[in-house]
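> I am attaching a structure below and will ask some questions about it afterwards.
The values are calculated or read from the model by the stated rules, or taken from the named source; none is laboratory data. Predicted model only: the values in this text are computed from it and were never measured. Note that we place each Cβ from the backbone using ideal geometry, even for glycine, and neighbour counts take in every protein chain shown.
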Amino acid sequence: MSGNKFLANRAIDLSEKTGVGGAILFECDPTKISFSCTVALLNNTFTGNQANRKGGALRYENDKFSDAPLLDRSFRIHAENRLLQAPAVAQAAANIFKDNEAPYGADMASFPKSIRFVVPESYSGARIDLERLTLTLAAGQSFKFELSILDQEGRVYNDENEATAKIDF
Amino acid sequence: MFFVGNTAVNPAGSTISLQNVNVVRISDAYFSNNNQINIQVELSRMSVINSNFTLNDKNHIRGIDSTVTLDNVHMYNTSFKSSGHGFECIRCRHIGIQNSRFENLVTNGVGGAIKIETLFSQEPTPVSYIIDSSFEGN
């Protein structure tokens, strides 16, 4: 997908499947079909799109689209020889996102990938074991920490309403 | 060619229905205010060129197990019933869309403008593409 403009598209609904991906919703489960889920997204403009849950401009699940300058062979051949007729186009990869809106992922929403455990540096003497997510403190020492779910893009994933956290004292 | 105000009684009917057609080209056509799918193509290769689609109850174009290309197609101002879509392709072999506009296409569900489900595009068949098109107010 190249050189397209997505303007003021909306996905508005409160159910699970809709209300996501104001302009584009990529769903691809590579285990269900025998082909890969390769999508290249280059030089497109997303402006003023909106979703009332996640992914104001776009939402992807499973495999991410490619937006890297080095494209897969099939798309490069296609771009250079058949349609775009300019090799330079295949090298310029940037998509532009502007004024898109969603509670989570104004421009782009994906899915949870990791957890970030943040403890303020002011805790002198505290020992942090990041592998076990443990924070060892002196007796009586107050503490504060932040635990965040991050998505594929490293952004805070704030569309999770069912996860639970257990804290042992 | 004008296709306006046509009615198909069969719920699965369409204004134009094509099956097992090797190659078909629809050019300079105008579809408006029909009550079923405007064009349904199955196990065929179809290109639609320089054509306009508006005011329909169901999909403007639906491809099944087919190759479909759209060039300079304009779909606009349609509130679909029964989760219709501007362009829907199911298990299609190849899709090519260029220089087309999709405007104010509203559906109850996903894919007001386009819904592509299970696309088998792969080499040596030219990779499917959507280029130099605009999607506004869907």
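> If you scan the range B:91-138, which residues turn out to be at the interface with chain A (Cβ under 8 Å from one of its Cβ atoms), more than 14 Å from the chain's Cα centre (by Cα) and at pLDDT 85 or above?
Of everything in the range B:91-138, those that are at the interface with chain A (Cβ under 8 Å from one of its Cβ atoms), more than 14 Å from the chain's Cα centre (by Cα) and at pLDDT 85 or above turn out to be B:Tyr129, B:Ile131, B:Asp132, B:Ser133, B:Ser134, B:Phe135, B:Glu136, B:Gly137, B:Asn138.
> Also, quick follow-up: Only one residue in A:Asp99, A:Asp13 is surrounded by fewer than 16 Cβ atoms within 10 Å (Cβ to Cβ) and either at pLDDT 70 or above or touching a strand residue (DSSP E or B) at 6+ places or on another chain (Cβ under 6 Å) (or both), so which one is that?
On inspection, the qualifying residue turns out to be A:Asp99.
> Quick one: in the range A:23-42, of everything that is facing chain B (nearest Cβ under 9 Å) and at pLDDT 85 or above, which residue is nearest to A:Asp99 (Cα to Cα)?
A:Ala23
> Considering only the range B:47-69, state which residues are under 15 Å from B:Ile37 (Cβ atoms) and outside any loop (DSSP other than H, G, I, E, B). Reasoning before the result, please.
Residues of the range B:47-69 that are under 15 Å from B:Ile37 (Cβ atoms), as a first pass: B:48, B:51, B:53-64, B:66, B:68.
Passing the criteria: B:Val48, B:Ser51, B:Phe53, B:Thr54, B:Leu55, B:Asn56, B:Ile61, B:Arg62, B:Gly63, B:Ile64, B:Val68.
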